[in-house]
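Working notes, beginning with the structure itself.
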């Protein structure tokens, strides 16, 4: 619901209205606005006899001088009204309370909240609560309860859990959301997923960011399967040779075998390089009597 204030709507009632009536007829339709979906116009009624009786109503529809109203708003009671009683469109306490103040906007008070969910299933409760999600809307979590370990969802004000995606549309792999830190999300154009715009662990999906090359030759062996448990992709470079001339080097990544280069003659190294996503297994092998020359990983 949003408020519409119309200037110079200051008239009287053209017909009496009981306390249960949901329509009012004004003496003049001058300056009445056109209301869109979800919009209301506040109207204050005041008795002409004493000037001491008031009622605030919300106008939901306008047809000429006839108004459809919701009675007894903002703590006022529904009254019986007479012809000639006053009707004024003006700011009310409710309108001002629903109007964002500069300090509130600057503090992102309406789009930020703490997480109340769990790892991989995050929950945000904004205040005031939105009744629907609008594509392009941006929300932020001040403090995440737990780090994510894989694909994750975000549920805003119990409207429904939607997947969290990276800017390219891929699901989270794990480690992008870090406990006690914040994150910013934007609802995609279709309203079907939250795009992660910023977080402490977002660079985990960027190859090389915060990583360094490490010589792991001493802790690696050909034909042995390893698992990338770093929480982010790594790059691997392996160099080896075999006693068998023209021996092929083969990498097996997540159960998929990829044939690499063959060494030219015995003793000449063959090399391979590949990227391993988080959680994926990898191994390198060659036929014959082999020698691992070097194994380095960007991790």
Practice task
Taking residue 294 as the residue in question, decide whether it is under 21 Å from residue 219 (Cβ atoms) and either surrounded by 13 or more Cβ atoms within 10 Å (Cβ to Cβ) or in contact with a helix residue (DSSP H, G or I) (Cβ under 6 Å, 6 or more places away or on another chain) (or both).
Solution key: yes
Problem - Flag if residue 72 is part of a loop (DSSP other than H, G, I, E, B) and on the phi > 0 side of the Ramachandran plot - result: no
Problem - Residues being closer than 25 Å to residue 35 by Cβ and surrounded by 13 or more Cβ atoms within 10 Å (Cβ to Cβ) - total across the range 99-125 - result: 1
Handout entry: Lone qualifier among 28, 37 - being at pLDDT 95 or above and either assigned by TED's automatic domain parsing to the domain that holds residue 60 or assigned to a loop (DSSP other than H, G, I, E, B) (or both)
Key = 28
Handout entry: Per-region count, the range 58-89, residues more than 14 Å from residue 20 (Cα to Cα), under 36 Å from the mean Cα position of the chain (by Cα) and surrounded by fewer than 18 Cβ atoms within 10 Å (Cβ to Cβ)
Key = 4
Completion exercise
Okay, strands (runs of 3 or more DSSP E) sitting entirely in the range 99-214 with 2 or more residues that are within 17 Å of residue 232 (Cβ to Cβ), I get 161-165, 194-199
Problem - Residue list for the range 47-57, restricted to those being surrounded by fewer than 16 Cβ atoms within 10 Å (Cβ to Cβ) and assigned to a strand (DSSP E or B) - result: 54
Problem - Lone unmet requirement of (1) surrounded by 14 or more Cβ atoms within 10 Å (Cβ to Cβ); (2) out of contact with any strand residue (DSSP E or B) (no Cβ under 9 Å at 6 or more places or on another chain); (3) not assigned by TED's automatic domain parsing to the domain that holds residue 271 for residue 231 - result: (3)
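The values are calculated or read from the model by the stated rules, or taken from the named source; none is laboratory data. Worth saying up front: this structure is predicted, and the values here are computed from it rather than measured. As a convention, Cβ positions derive from the backbone with ideal geometry for all residues, glycine included, and neighbour counts pool all protein chains shown.
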